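The values are calculated or read from the model by the stated rules, or taken from the named source; none is laboratory data. Everything numeric here is computed off the predicted structure, so don't read it as measured data. FYI the Cβ positions are ideal-geometry reconstructions off the backbone, even for glycines, and counts take in every protein chain you see. The protein model used for the area step is the full one, side chains on, heavy atoms only, and it has no ligands, DNA or RNA in it. Shrake-Rupley method; radii C 1.70, N 1.55, O 1.52, S 1.80 Å.
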Amino acid sequence: MMTASTIIQAAEAVVAIGLLGTALGLILGVAARYLSMPVDNRTESVAALLPGSNCAQCGFAGCKQAAAAMVEGRAAPNCCPPGGVSTAQRLADLLGVRLSADASDAAPQCVAWVDEERCIGCTRCIRKCGSDAIVGALKQMHTVLPEACYACGLCQAECPTDAIIMKPVLPTLATWHWPKPAAKQAVTV
Ligand code: SF4
Ligand code: SF4
């Protein structure tokens, strides 16, 4: 049989926990309101245009960090090699900046390609690929789906038989751009 004092103690405990929860909730609410870092919504839009492979070829830890740097003006829209010129142009349009003249000199877009003669079917590349662009099975020949590959190069670094080559992609009407005229050689007389 619960005594009156036990009931009072239980009620006091419930009230105390309730008050503590309310106080913590208020503190968190105030902190979220006044201490939160302003997020530039463009960061999400920029990150959505990037390959998302977090291959760090841009020099940042991952695509999210590169997106934040682009929005803050700490990185140029063409800092993402796997994205190529077409992605750089879309990023420049989104950020409202001009793509620098040398952006068109960026390395040609590439995709991974598996040399069937060298592939031993170890599946190490499949496990590295963040876009499921590689098809294959254990001890079977592997191949890359070019439309899914964003040239992060992680599989190439992983392959024990150097069976993976990054091959340039032929430009399409959408990705072709007028190459910059070669710099005139200074004529010495
Ligand atoms: S196939 Fe290779 S290069 Fe292409 S996305 Fe996958 S890991 Fe990257
Ligand atoms: S890592 Fe290289 S050898 Fe292994 S399955 Fe992939 S392509 Fe073939």
- prompt: If we count every other residue with Cβ under 10 angstrom of Ala163's Cβ, Lys/Arg +1 and Asp/Glu -1, where does the sum land?
  reply: -3
message: Suppose we flag GluC sites (Glu not before Pro) only when DSSP calls them loop and at most 13 other Cβ atoms lie within 10 Å. Which is the longest uninterrupted stretch of the chain?
response: 118-189
field: Positive minus negative residues near Leu145 (Lys, Arg vs Asp, Glu; Cβ under 14 Å)
entry: -1
query: Carbon-plus-sulfur fraction of the accessible area of the chain, 1.4 Å probe, in percent?
result: 63 percent
field: Computed lengthening from Met141 to Ala4, 0.36 nm per intervening residue step minus Cα-Cα distance
entry: 41.6 nm
statement: What helix-only [θ] at 222 nm does the chain give? Using -39500 (n - 2.57) per DSSP H run of at least 4, over all residues, to the nearest 500, the answer is -11500 deg cm²/dmol
- request: Multiply the residue separation of Arg124 and Glu158 by 0.36 nm, subtract the distance between their alpha-carbon atoms, and state the gained length in nm to one decimal.
  value: 11.6 nm
- request: Please work out the average accessible area per residue across the chain, using the 1.4 Å probe convention, and give it in Å².
  value: 69 Å²
query: According to the square roots a ≥ b ≥ c of the eigenvalues of the Cα gyration tensor, what is the shape class of the chain, taking rounded for a/c under 1.5, prolate for a/b larger than b/c otherwise, and oblate for the remainder?
result: oblate
- request: With all protein chains present, calculate the accessible area of Ser45 using a 1.4 Å probe and round the result to the nearest 10 Å².
  value: 50 Å²
- request: Throw me the Rg/Rh for region 42-103, computed over C-alpha atoms with Kirkwood Rh, two decimals.
  value: 0.90
